[in-house]
Structure formats: structure tokens, C-alpha cells
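Scroll down for the structure; my scribbles are underneath it.
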Amino acid sequence: MDISIVVPLYNEEESLPELYAWIERVMKANGFVYEVIFVNDGSTDRSWQVIEQLQEQHPDVVKGIKFRRNYGKSPALYCGFKQAQGDVVITMDADLQDNPDEIPGLYRMITQENYDLVSGWKKKRYDPLSKTIPTKLFNATARRVSGIRNLHDFNCGLKAYRKEVVKNIEVYGEMHRYIPYLAKNAGFTRIGEKVVHHQARKYGKTKFGLDRFVNGYLDLISLWFLSVFGVKPMHFFGLLGSLMFLLGFISVIIVGANKLYNMNHGMPYRLVTESPYFYLALTLMVIGTQLFVAGFLGELISRNAPERNNYQIEKII
Ligand code: UDP
Ligand code: MG
């Protein structure tokens, strides 16, 4: 099979028939062998009935996965990826904002130009300003943190993957925003970009509010931490803890030595416990010790993590 198209959806009943018809038109025109996997993320409208109907009409092309409740876009993608059988896997939103006409171009970039992952770039967007401006900021940060300098649009719903990529990354929580970063951490470094046409949402309304940006930043920090210190938490907490403890320890000695010196030279002196520096130094030492202990706990946890020895082996001969 050439292509699997994975479509996560939540309450998109009006868009689905149109989307399917459009995909079919493009696929037939290019002679692809393909499947479309609709992942119904707990829709409360008639989306699932529409999918059932499409499935009846096109039994060898349409697949449907129905969640019992709404889990989010990342879990939907995760389950779609598990089912996908095509050599190239395409993801697209169900709301007709992503254009199926782009699929052949994306497919070629994977198969002929040898990319592992190609992300769409909505260069000209048809979204409200309240979304496009924070998005620019978000992408600039993601570029810096992930080190994937050539991507302008991390969170574009329209992406193409080599099959190995989707089978070897685990999208969870709300990490769908950072799939290129996940892929890079898994060792798939040929990441490309293609300018894609974008449409305004035709039916329904967006499923994400402005909290996406707050959560997006927090997720990015977690991902960065996991990729840098995930398997060696002690290197992070231990260093920080040792530095703080050392700083506190030296300060205590200075405070004590100062008192002894003044005492022995007949100068006025005050008790160690009367100096504010003593308490600051004490606090430093306590926090330093706690950080150090956090590092040990982190080590204990990562020692038991089932994926501690989960490596990406490309080939063995
Ligand atoms: N979506 C989903 N589960 C959710 C929220 C969204 O499967 O909990 C789907 C949604 O139906 C759409 C895609 O994810 O197909 C992108 O969502 P949306 O168009 O609302 O996001 P935006 O275009 O505003 O970024
Ligand atoms: Mg949308």
C-alpha cells in the first residue's frame, strides 16, 4: 500500500463527506493504492454515523476508529499511526483547512527526495490574528529548543512521514505539536518542509482555545528536559544541588571565620546566628541537598522505566 491517510476528528460531521470525496478524487487521479483512517475522538455529533456510512460505501479504503470519549488529538494520532499500513503516512485535519491536493507532492518528497518527515507550512494562513501572532512566537521558540532550524510551522496538521517514523515515535498527551522534535529525538533527522495551501475553517469551530499556547510552552519545556536529561536526571539535579550546597557551605565558613577573626583581634563581633547571611547560607544548603535527593529519586525512577533500554536500531548485519 502506498499511502495511509490518518484523520483525527472531533465533531466534524459536516466536513467529512466533502473531505473524503476530495481525497478520493486526488488519489484516483494519481493512481495511488491507499487507505483513509478516520479516528473519531469521542465526537458527540453524527461524525461516527458518517464514517460508518463512508465505510460501507468504500469497504477496502475507509477504516474507522471510535474512541469511547474525547481524549485529544495526540491520542487520536497515536492510534491512527498504530493501524497505518501504507509506506507513507499522511496526517491531515478533518476540518477542510488542509488541502488534499498537496498529498502527491508530499508523497514524492518522502519517496524520491528521501525525507523522513515533511511538514506542511501554512505560509499564508486563514486564521484569526489572535492565533497567528502567538503562533509565530511559538514556532520561533520551538525552533530554538528543538534545534530544527528549517521548520516554520511545527503544528501544521498536514504532514507526511516515512512509515518507520510513525511506528517508532510515541505521540502522547498534547505532543502532536512537537512531532518533528519527537522524530528528531528518535534519530530521524531528514526533516523537510513544504509550503501548503490553507483554507479558512468551513464548518464548525476550532477545538483549541488560547490555552493551547500556555500548554504548548510547558510541553516544550518537558520535552526539552526529557530529551536532554531524561535518562540521566542526576546530571541535572546533582550539578545544581552540588553547586548550591557548596555555595552555602562556603558562605557559612566565611560567616564563622569572620566572627572568629574579629573576636581574636579585639574588634566588635556578633554571633553567627545574628548574621542574615548565615540563614541565607543555611537555606542554600538545605535546597542544595533537596535537589541532590531529587536527582537520586530521578535515577531510581529512570532505572525502573520500561523504555530505559529502548534504542532505535536501524540495521543489524
Ligand atoms: N481534534 C481531535 N480531538 C480533539 C480536538 C481536535 O481529534 O480533542 C481534531 C479536529 O477535529 C481537527 C484537528 O484535530 O480535525 C485540528 O483541530 P482544529 O481544526 O480545531 O485546530 P486548529 O485548526 O484550530 O489548530
Ligand atoms: Mg483547523
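General observations
- Of the strands (runs of 3 or more DSSP E) lying entirely inside segment 1-99, the ones with 1 or more residues being open to solvent by less than 40 Å² (accessible area, probe 1.4 Å) and within 16 Å of ligand 2 (Cβ to nearest atom) are found at 3-9, 34-40, 88-91.
- Subset of segment 184-222 (residues that are free of Cβ contacts under 8 Å to residues at least 60 places away in the same chain and open to solvent by less than 60 Å² (accessible area, probe 1.4 Å)): G209, R212, N215, D219, S222
- Residue match in segment 250-273 (condition: in contact (Cβ under 8 Å) with a residue 40 or more places away in the chain, part of a helix (DSSP H, G or I) and closer than 29 Å to G298 by Cβ): no
- Residue match in segment 257-274 (condition: surrounded by 11 or more Cβ atoms within 10 Å (Cβ to Cβ) and of a type in the set (G, A, S)): no
- Checked against the criteria, S119 does not count as modelled with pLDDT under 95, open to solvent by less than 40 Å² (accessible area, probe 1.4 Å) and not basic (K, R).
- Residue within segment 29-51 that is more than 16 Å from ligand 1 (Cβ to nearest atom), farther than 24 Å from P180 by Cα and touching a strand residue (DSSP E or B) at 6+ places or on another chain (Cβ under 9 Å) present: yes
- Selection from segment 192-215 of residues that are under 21 Å from the mean Cα position of the chain (by Cα), aliphatic (A, V, I, L, M) and more than 20 Å from P180 (Cα to Cα): L210
- Criterion violated by Y161 - all others in (1) out of contact with any Lys or Arg (no Cβ under 9 Å at 6 or more places or on another chain); (2) more than 18 Å from T111 (Cα to Cα) satisfied: (2)
- Of everything in segment 190-220 that is more than 12 Å from ligand 1 (Cβ to nearest atom) and out of contact with any helix residue (DSSP H, G or I) (no Cβ under 8 Å at 6 or more places or on another chain), the residue that is nearest to R144 (Cα to Cα) is L218.
- For segment 109-120, the count of residues that are of a type in the set (S, T, Y) and within 13 Å of ligand 1 (Cβ to nearest atom) is zero.
- Single residue of segment 275-288 satisfying the filter (of a type in the set (S, T, Y) and free of Cβ contacts under 8 Å to residues at least 24 places away in the same chain) that is surrounded by the fewest Cβ atoms within 10 Å (Cβ to Cβ): Y279
The values are calculated or read from the model by the stated rules, or taken from the named source; none is laboratory data. Quantities reported herein were computed from a predicted structural model and do not represent experimental measurements. Neighbour counts are summed over all protein chains in view; Cβ atoms, including those assigned to glycine, are modelled from backbone coordinates with ideal geometry. These area figures cover heavy atoms from the full protein model, side chains too; ligands, DNA and RNA do not enter into them. Shrake-Rupley method; radii C 1.70, N 1.55, O 1.52, S 1.80 Å.
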